[in-house]
């Protein structure tokens, strides 16, 4: 299934994408899409629906974050070997785990607001993994059983903020640094998360191109690892690292985003995002 939320920010309705890629209204079936709907029981109930029987949305509404109830936004750094090389950093011996503030979350096509005093605004297309059932000390063999589905994430980064200290959080957690969506695609449609193409363009120029098979730590390893250090709850999301091609890695002169730039990114089977960069106005 392809689940989503659409409408004006703060007033989104639940939706489902049919087999022809058309948006269907789910609001007469569920009030929203959240942890209850992403549980095995909730997904089983939604899977019984025939999308063609749901009302067709004929307008072109804004897409919001595809579900609510994100308690933790976990991120993995340097998880593609070629990205680690372009950053000039060693291949990690275990997943590099950090947290993005949940206040950074935004819709997939909402503007990226460049924060005050920002000079090195960068992009990162990443596979997002959405937890459906509680995961605590789970094995790699069991890890994917706790996943509800997958989505596109742009791990927007401010490199000067990020590199100012040993902690990355302030360069990764500013407002609008976490576009998610437009769809949450359930695991029945993404049988193997390690076969997906990822890409990102800036102003129409291809900057990133990769495949999840090139992750250093795969999705099962990541979910298992993180679950040994924090309990993962339904609705939590993990973004799993980015392939090469970020602005910081461009040699000899890094390239960063500025107001007016347009970022477009996508992942095979999960649809795409589009964001315009705007300056902060307080």
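So what is the relative contact order for the stretch 2-53, in percent, with contacts set as C-alpha pairs under 8 Å and at least six apart?
Relative CO of the stretch 2-53 lands at 28 percent.
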Short version: what are the Cα gyration tensor semi-axes of the stretch 176-220, square root of 5 times each eigenvalue, largest first, in whole Å? 21, 16, 11
How would you order 170-177, 147-154, 19-26 from highest to lowest mean count of nearby Cβ atoms within 10 Å? 147-154, 170-177, 19-26
Global geometry of the stretch 2-53, whether rounded, prolate or oblate, following the gyration tensor of its Cα atoms and the 1.5 cut on a/c: oblate
Average projection area in nm² (convex hull over Cα atoms of the stretch 100-172, one quarter of hull surface): 6.4 nm²
Going by how many other beta carbons lie within 10 Å of each one, how would you line up 158, 142, 94, fewest first? 94, 142, 158
Answer rounded, prolate or oblate for the stretch 84-134, using the Cα gyration tensor with square roots of eigenvalues a ≥ b ≥ c: rounded when a/c is under 1.5, else prolate when a/b is larger than b/c, else oblate. oblate
Provide the packing ranking of 237-245, 249-257, i.e. peptides ordered by the mean count of other C-beta atoms within 10 Å per residue, highest first. 237-245, 249-257
Once Kirkwood radius over Cα pairs in Å is worked out from the coordinates, which option in [x] 18.8; [y] 20.3; [z] 19.8 does it equal? [x]
Rounded, prolate or oblate: pick one for the stretch 30-149, where a ≥ b ≥ c are the square roots of the eigenvalues of its C-alpha gyration tensor, a/c under 1.5 means rounded, and failing that, prolate if a/b is larger than b/c, else oblate. oblate
By average C-beta atoms within 10 angstrom, highest first, the peptides 32-45, 202-215: 32-45, 202-215
Under Stokes-Einstein, the stretch 141-269 at 4 °C and 1.567 mPa s, with its Kirkwood radius over C-alpha pairs, diffuses with a coefficient in µm²/s of 80 µm²/s
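None of the figures in this text is laboratory data; all of them are computed from the coordinates on show. Bear in mind the structure is a predicted one, so any value in this text is a computation, not a measurement. Don't worry about glycine lacking a Cβ; one is built from the backbone with ideal geometry, like all the others, and counts go over all protein chains shown.
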